[in-house]
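The values are calculated or read from the model by the stated rules, or taken from the named source; none is laboratory data. Predicted model only: the values in this text are computed from it and were never measured. Note: ideal-geometry Cβ built from the backbone for every residue, glycine included; neighbour counts use all protein chains shown.
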Amino acid sequence: MKNSSPDTRTIAAPRDYAIPFNKPCFAGNEQAYIADAMATGHVSGDGSFTKKCNSLIESLLGVKKVMLTTSCTHALEMSAILLDIQPGDEVIIPSFTFVSTANAFVLRGAKPIFIDIRPDTLNLDETKLRQLITKRTKAVVPVHYGGVGCAMDSIEAICSEHNIAIVEDNAHGLLGKYQGRFLGTFGALATQSFHETKNFHCGEGGALLINDPKLVERAEIIREKGTDRSRFFRGQVDKYSWVDIGSSYLPSEILAAFLYAQLEKHEYIQNARKVIYDRYSKQLAEWAASTGVTLPVVPRECETAYHNFCLLLPSLEKRQALISHLKSNGILAVYHYLPLHSSTMGARFGSDPTSCPVTEDISDRLLRLPFFNDLTEREQNKVIECIKDFK
């Protein structure tokens, strides 16, 4: 697919900062495609742009079935329904993740079992997985943090041994790879995010990736409010009716049109983000080595999706001081997840507040730098210079 340089107009950035943490960017054809969708007279879900998005992702990744959703959260909720999660089931989830990863299963009555992360990739620590599995374990949810793949070979082997389903939370990782294989293609199910902070976005959106063919038909029903409407449109039944539980997970064609404009420029967007990522890596390497700061780690078997760029400062105090230093120079840099295992809700599920020490440590020290598709070299150099000035 041809990926020429797009129109790089951007939505207005927050005015409080000369360089924001994120700026939702246009790829070029969003407005034209939205106009096309409006002209068809069909702007509700599952129109031509929805189908184009689904087909493009299926083609890129080699996935059996892709279904756009209104958010990654909703894709995770669909996963919990498809796996028939019941009260009392256990689902193993990294403590270092967004609350949606846990909430989707908690809503079905499951108990989240929080696992610690590795200090290098910040992903689920596969060496701690086996010891957390019980007879009630129904699923494991690896989160590919920053678009760097979890150790899926080990995770797959353990889950296969215990007949446990894998649901990949791939909100950060579209087009990232592990051992040459696309993230999102390992689990029976995987989820994507198209929130405005992601590489490709439509403001708010997501997708469910289905790698187990046995789950496709029921997924269509769940996504269509529990009806067999999709079978009706294919002529397989003469009328559709309520046949299962479900909800309204379809995004509008307006959102799908916007997203398709982004996805069709995937090569351009990823190349632009690689340049930004590599510039941070190269320009900050010497400074990091001299100050005890750790830059992102990408193992040899991984190809990052270039979702974010993080620094691990030596301490919470240093992290907060650097945030303040950058802020005083008009630059917004932010921390990330607060540990779920030690949260109020984590305590309600009986989580040991000392069970994930790496998560606690990383959460205190991690800082995300400005990173968006249209970050200019001049802007990025200012960020780098301000960081190097930090003592």
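Taken together, the residues in the stretch 323-336 that are in a loop (DSSP other than H, G, I, E, B), over 27 Å from the mean Cα position of the chain (by Cα) and either more than 17 Å from Glu379 (Cβ to Cβ) or polar (S, T, N, Q) (or both) amount to 1. The single condition among (1) charged (D, E, K, R); (2) more than 21 Å from Leu76 (Cα to Cα); (3) in a loop (DSSP other than H, G, I, E, B) that Glu161 does not meet is (3). Can you name the residue in the stretch 147-160 that is surrounded by 24 or more Cβ atoms within 10 Å (Cβ to Cβ) and either on the phi > 0 side of the Ramachandran plot or among the small types (Gly, Ala, Ser) (or both) and, of all such residues, is farthest from the chain's Cα centre (by Cα)? Of everything passing the filter in the stretch 147-160, Gly149 is farthest from the chain's Cα centre (by Cα). Report yes if some residue within the stretch 301-322 is under 25 Å from the mean Cα position of the chain (by Cα), surrounded by fewer than 19 Cβ atoms within 10 Å (Cβ to Cβ) and either free of Cβ contacts under 8 Å to residues at least 60 places away in the same chain or over 27 Å from Leu263 (Cα atoms) (or both); otherwise report no. No, there is no match, as no residue in the stretch 301-322 is under 25 Å from the mean Cα position of the chain (by Cα), surrounded by fewer than 19 Cβ atoms within 10 Å (Cβ to Cβ) and either free of Cβ contacts under 8 Å to residues at least 60 places away in the same chain or over 27 Å from Leu263 (Cα atoms) (or both).
One residue stands out in the stretch 27-70 among those that are free of Cβ contacts under 8 Å to residues at least 60 places away in the same chain and more than 18 Å from the chain's Cα centre (by Cα): the one that is farthest from Ile221 (Cα to Cα), namely Gln31.
Looking across the stretch 352-381, the residues that are in contact with a Pro (Cβ under 8 Å, 6 or more places away or on another chain) and in a loop (DSSP other than H, G, I, E, B) come down to Cys356, Pro370, Phe372. State whether the residues of the stretch 123-133 include one that is in the same structural domain as Glu161 (by TED's automatic domain parsing), assigned to a helix (DSSP H, G or I) and buried (at least 21 other Cβ atoms within 10 Å of the Cβ). Within the stretch 123-133 (the criterion being in the same structural domain as Glu161 (by TED's automatic domain parsing), assigned to a helix (DSSP H, G or I) and buried (at least 21 other Cβ atoms within 10 Å of the Cβ)), the answer is no, since none of the residues qualifies. Of the residues Val298, Val275, the single one that is surrounded by fewer than 18 Cβ atoms within 10 Å (Cβ to Cβ), among the β-branched types (Val, Ile, Thr) and within 24 Å of the chain's Cα centre (by Cα) is Val275. No other residue among Asp374, Asp352 is within 30 Å of Tyr280 (Cβ to Cβ) and either of a type in the set (Asp, Glu) or buried (at least 16 other Cβ atoms within 10 Å of the Cβ) (or both) apart from Asp374. Can you name the residue in the stretch 230-272 that is among the basic types (Lys, Arg) and without any contact (Cβ under 8 Å) to a residue 60 or more places away in the chain and, of all such residues, is surrounded by the fewest Cβ atoms within 10 Å (Cβ to Cβ)? By that ranking, first place goes to Lys239. Among the residues of the stretch 158-208, count how many are among the hydrophobic types (A, V, I, L, M, F, W, C), out of contact with any Cys (no Cβ under 8 Å at 6 or more places or on another chain) and over 20 Å from Leu56 (Cα atoms). Here the count works out to 4. As for the stretch 66-86, it holds no residue that is at pLDDT 95 or above, part of a strand (DSSP E or B) and surrounded by fewer than 21 Cβ atoms within 10 Å (Cβ to Cβ). The residue list Phe182, Phe194 contains one member that is in contact (Cβ under 8 Å) with a residue 24 or more places away in the chain and in contact with a His (Cβ under 6 Å, 6 or more places away or on another chain), which is Phe194. Would you pick out the residues in the stretch 197-218 that are of a type outside the set (Lys, Arg), touching a residue at least 60 places away in the same chain (Cβ under 8 Å) and out of contact with any strand residue (DSSP E or B) (no Cβ under 6 Å at 6 or more places or on another chain)? Thr197, Asn199, Phe200, His201, Cys202, Gly203, Glu204, Gly205, Asn211, Asp212, Pro213, Leu215 - these are the residues of the stretch 197-218 that are of a type outside the set (Lys, Arg), touching a residue at least 60 places away in the same chain (Cβ under 8 Å) and out of contact with any strand residue (DSSP E or B) (no Cβ under 6 Å at 6 or more places or on another chain).
Considering (1) surrounded by fewer than 21 Cβ atoms within 10 Å (Cβ to Cβ); (2) under 15 Å from His341 (Cβ atoms), the lone condition that Asp120 does not fulfil carries the number (2).
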